[in-house]
1. Work out from phi, with θ = phi - 60° and the Karplus expression 6.51 cos²θ - 1.76 cosθ + 1.60, the ³J(HN,Hα) of each residue of the range 85-102, listed in order in whole Hz, and give x for Gly and Pro.
2. With all protein chains present, how much of the accessible area of the chain (probe radius 1.4 Å) comes from carbon and sulfur, to the nearest whole percent?
3. Given Cα positions, please report Rg to Rh for the range 30-84, the hydrodynamic radius being the Kirkwood one.
4. So with the 1.4 Å probe, I'd like the accessible area per residue for the range 12-83, rounded to whole Å².
5. Just to confirm a number: summing +1 for Lys and Arg and -1 for Asp and Glu over residues other than residue 81 whose beta-carbon lies under 15 angstrom from that of residue 81, what do you get?
6. Rounding to the nearest 10 and keeping the result within 0 to 90°, find how far the Cα-based axis of helix 24-37 lies from the longest principal axis of the chain.
7. Could you go through the range 53-59 in sequence order and give the Karplus-derived ³J(HN,Hα) for each residue, using 6.51 cos²θ - 1.76 cosθ + 1.60 with θ = phi - 60°, rounded to whole Hz, and x for Gly and Pro?
8. With angles folded into 0 to 90 degrees, how steeply does helix 4-17 sit against the dominant principal axis of the chain? Use alpha carbons for both and round to 10.
Amino acid sequence: MQYLAPVAIGVLYAVLMSLLREPRRRRVNAVMLAGAGAAYLSGGGLGAGEFTFTALVTYVAYRGLESWTFIGVGWLLHTGWDVVHHLKGNPIVPLDHGSSLGCAICDPVIALWCLRGGPSVRDLPRGRRRAAVREHTAP
């Protein structure tokens, strides 16, 4: 259950978020990523590294406002940070030593959904493919 629950949470997150319409879905997910990037700040387990990581994920989340790829990469970055915290012994939830491991299992599930372009579950039962969302790039 320690490994299945985080996967189920990641799937549930993707399903619920997919109910939002584009482009709101992408933008809300970028904001969620930015919040996740700051999740370890209060613990301070890695000192100034916590601020550096938060700044990096904030930048990636900002780019994610227009790009599902950046959001997916951001969740993978957070996965790595979760693993570091799990091994270092500074969990995301201080009362639950395994919470960072759970987060490290959940985050790649969300990342995979994002890297697929954050498709809507509304389209799955009908067998329709979601039209690719054009990612805006600066000239």
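The values are calculated or read from the model by the stated rules, or taken from the named source; none is laboratory data. Just so we're clear, the structure is a prediction, and the values are computed from it rather than from any experiment. Cβ: placed from backbone, ideal geometry, glycine included. Neighbour counts: every protein chain shown. Just so you know, the surface numbers come from the protein's heavy atoms only, side chains and all, with ligands and any DNA or RNA stripped out. Shrake-Rupley method; radii C 1.70, N 1.55, O 1.52, S 1.80 Å.
1. So the J values, rounded to whole Hz, are 5, 5, 6, 6, x, 10, x, 5, 10, x, 7, 10, 4, x, 5, 5, 5, x.
2. 67 percent
3. Using Cα coordinates only, the ratio equals 0.96.
4. Details: 3470 Å² over 72 residues.
For the range 12-83, the solvent-accessible area averages 48 Å² per residue.
5. Local net charge: -2.
6. Relative to the chain, helix 24-37 is tipped by roughly 10 degrees.
7. Values, residue by residue: 5, 4, 5, 4, 5, 4, 4 Hz.
8. For helix 4-17, the angle is close to 40 degrees.
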